[in-house]
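The values are calculated or read from the model by the stated rules, or taken from the named source; none is laboratory data. As the structure is a prediction and not an experimental result, all values here were calculated from the model. Neighbour counts run over all protein chains shown; Cβ positions are idealised from the backbone, glycine included.
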């Protein structure tokens, strides 16, 4: 899929030793980061301070953590290919594969980009072995005929709460086949 995305939110799961997980997580961009950060993930934002993130996510870290990250524009372009591999961008950027090898962690990311309507699923092993997939979100049709896309993770009750952009009806959706 070759679309130009907007903002993507991802659920990130990291497994490894508590120390390695902490070092890996430090690569994301935090509100209190200084501009001279030595190494980091491109455009991958956690909207809190490092101290608050550590307290909330890493304090009782038993070898696995889950947290949300905002990616501009997709996980793929921020962590795999695009910003971190473009020689015209900052030399301090690191790819997901290199970070997993460096810190001996495995990572699973599931993301949704609701503007361009795609979802990513990315796995990277401690050896830097990468699996990367991207699919379009399912399309649903309102009783008025309008088509909209929603994340595949939506439950039936979540879909029932969605409003049609065309007729403003709520929950009138059928999956398009």
**Pairs with Cβ under 7 Å, 6+ apart, first in region 152-177 and on the phi > 0 side of the Ramachandran plot, second surrounded by 14 or more Cβ atoms within 10 Å (Cβ to Cβ) and part of a loop (DSSP other than H, G, I, E, B)** = 171/162
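Only one of 115, 128, 82, 171 is in contact with a helix residue (DSSP H, G or I) (Cβ under 6 Å, 6 or more places away or on another chain) and at pLDDT below 95; which? Please lay out each step first, then the result.
Working: 115 fails: in contact with a helix residue (DSSP H, G or I) (Cβ under 6 Å, 6 or more places away or on another chain); 128 fails: at pLDDT below 95; 82 fails: in contact with a helix residue (DSSP H, G or I) (Cβ under 6 Å, 6 or more places away or on another chain).
The unique qualifying residue is 171.
Kindly evaluate residue 57 against the criterion of being surrounded by 15 or more Cβ atoms within 10 Å (Cβ to Cβ), farther than 23 Å from residue 117 by Cα and either in contact with a strand residue (DSSP E or B) (Cβ under 6 Å, 6 or more places away or on another chain) or not assigned by TED's automatic domain parsing to the domain that holds residue 99 (or both).
yes
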**Message:** So for region 124-140 (the condition being part of a loop (DSSP other than H, G, I, E, B), outside the structural domain of residue 104 (by TED's automatic domain parsing), within 26 Å of the chain's Cα centre (by Cα) and surrounded by fewer than 14 Cβ atoms within 10 Å (Cβ to Cβ)), does at least one residue qualify?
**Reply:** no
**Asked** Looking at 32, 20, 36, which one is touching a helix residue (DSSP H, G or I) at 6+ places or on another chain (Cβ under 7 Å), loosely packed, with under 14 Cβ neighbours inside 10 Å and either in the same structural domain as residue 125 (by TED's automatic domain parsing) or farther than 23 Å from residue 108 by Cβ (or both)?
**Response** 32
**Request:** Inspect all residues belonging to region 92-104 and state whether any of them is in contact with a helix residue (DSSP H, G or I) (Cβ under 6 Å, 6 or more places away or on another chain), free of Cβ contacts under 8 Å to residues at least 24 places away in the same chain and under 25 Å from residue 28 (Cα atoms).
**Result:** yes
**Complete:** Of the residues in region 60-105, those that are closer than 21 Å to residue 20 by Cα and either in a loop (DSSP other than H, G, I, E, B) or not assigned by TED's automatic domain parsing to the domain that holds residue 21 (or both) number 9
**Complete:** Picking from 103, 150, the residue that is over 20 Å from residue 79 (Cα atoms) and either surrounded by 18 or more Cβ atoms within 10 Å (Cβ to Cβ) or modelled with pLDDT of 95 or more (or both) would be 150
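In this structure, does residue 27 turn out to be more than 18 Å from residue 116 (Cβ to Cβ), touching a residue at least 24 places away in the same chain (Cβ under 8 Å) and in contact with a helix residue (DSSP H, G or I) (Cβ under 7 Å, 6 or more places away or on another chain)?
Values: more than 18 Å from residue 116 (Cβ to Cβ): yes; touching a residue at least 24 places away in the same chain (Cβ under 8 Å): yes; in contact with a helix residue (DSSP H, G or I) (Cβ under 7 Å, 6 or more places away or on another chain): yes.
Judged against the criteria, residue 27 is a match.
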